[in-house]
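See structure below.
The values are calculated or read from the model by the stated rules, or taken from the named source; none is laboratory data. Note that the structure is a prediction, hence the values are computed from the model and not measured. Quick reminder, even Gly has a Cβ in these numbers, built from the backbone with ideal geometry, and neighbours come from all protein chains shown.
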Amino acid sequence: MSITSDIRSYADTALEQGKQVLDQAQSQLTGVTDQANELAGKIRGSAKENVSGLTAKATDAVGDLRAQAEKAVNVEAIKSAIEPYLARAKGYSTSVTDRAEELFSTVKGDKRVASLVAKAEQITGAVVETVEDRVVKPVQSLTGRGSKAVKSAPKPAVTRPAAPKPAAKATTRPTARKAPVKRAATKA
């Protein structure tokens, strides 16, 4: 055999061995890729499960904390405790308004009391506003029962009678007299 044929046979053998090694490497790479994809799928699935588990645990924890807070605060007990006072305050408001209207209609015509009635109306309005601002509205906002607008007691129109004009006085002054003229005495 000649050297050329030996080299060719070595080259063919090397080429054949190279193809085999390449096929083996490719099959191993495919196997590794498949394993990597499978592992990535497991990791994704596990991550999704972990996220869902953590979400469920967080939701449960929030629910437990809310239940504990409601037990600690007991909103229903506070609402039920405040309701009678709120109803009583509304009743007082109605009663006071009715009494004030009766009194107002009685006293309204008396000129001597008209200015006093006007001042009392101002004070009553201020008291009602103060009670609503400092008691009724905060209680309603805390209990969640203040969804409707709070209507204050209707304020009667302020009617102020005209100040009585003094009666025209009769002028009883005596008419002015001229002072007597002093005459010089004449001596003759």
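Only residues that are assigned to a helix (DSSP H, G or I) and out of contact with any Ser or Thr (no Cβ under 8 Å at 6 or more places or on another chain) were counted across region 97-113, and they come to 10.
Residue by residue, here is whether (1) free of Cβ contacts under 8 Å to residues at least 60 places away in the same chain; (2) under 28 Å from residue 137 (Cα atoms) holds:
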| residue | (1), (2) |
| --- | --- |
| 56 | yes, no |
| 93 | no, yes |
| 96 | yes, yes |
| 99 | yes, yes |
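When residue 50 is tested against (1) in the same structural domain as residue 138 (by TED's automatic domain parsing); (2) polar (S, T, N, Q); (3) free of Cβ contacts under 8 Å to residues at least 60 places away in the same chain, only condition (1) is not met.
I need the full set of residues from region 58-85 which are basic (Lys, Arg) and without any contact (Cβ under 8 Å) to a residue 40 or more places away in the chain, in order please. Reasoning before the result, please.
Restricting attention to region 58-85, the residues satisfying the condition of being basic (Lys, Arg) are 66, 71, 79.
Correct list: 66, 71.
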